[in-house]
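Read the structure below first, then the notes.
A short reminder: the numbers here are calculations on the coordinates, not readings from a lab. All values derive from a computational prediction rather than experimental measurement. Backbone-built Cβ (ideal geometry, glycine too); neighbour counts: all protein chains shown.
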Amino acid sequence: MLAEGRSGISSGPLDDIPAMDTVISDHIRRVLGFTKGRVHGKCGAADILRMNPSTLRYRMDKLGLTYGKNYRK
């Protein structure tokens, strides 16, 4: 059980847990680094992540990640 301070915000081991968007963004970036920004096709990020390329592009746009010709490591 976590102790709560006067502000009502918990302090303890859960403070070090990153937000879900951060975890997803980091994972996608790691895969894009491996594929050199390639999203679709054989050995593209969508193939590696086992998801539809359109879905991956949508998620990347939502997270502000670049890909394809605009990709920068």
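For K62, the aspartates and glutamates whose Cα falls under 12 Å of its own Cα, not counting residues fewer than eight places away in the same chain, are D21.
In order along region 62-68, the Karplus-derived 3J(HN,Hα) couplings, from 6.51 cos²θ - 1.76 cosθ + 1.60 at θ = phi - 60°, round to 4, 8, x, 8, 8, 7, x Hz, and Gly and Pro are given as x. Projecting label points 7 angstrom from Cα along Cα→Cβ for V23 and T66 puts them 2.8 nm apart.
Annotation for F34 and D15: the two label points, set 7 Å from Cα along the Cα-Cβ direction, are 3.4 nm apart. Ranking of Y67, Y58 by neighbouring Cβ atoms within 10 Å, starting from the fewest: Y58, Y67.
Seen from all directions on average, region 18-70 presents a Cα convex hull projection of 3.3 nm².
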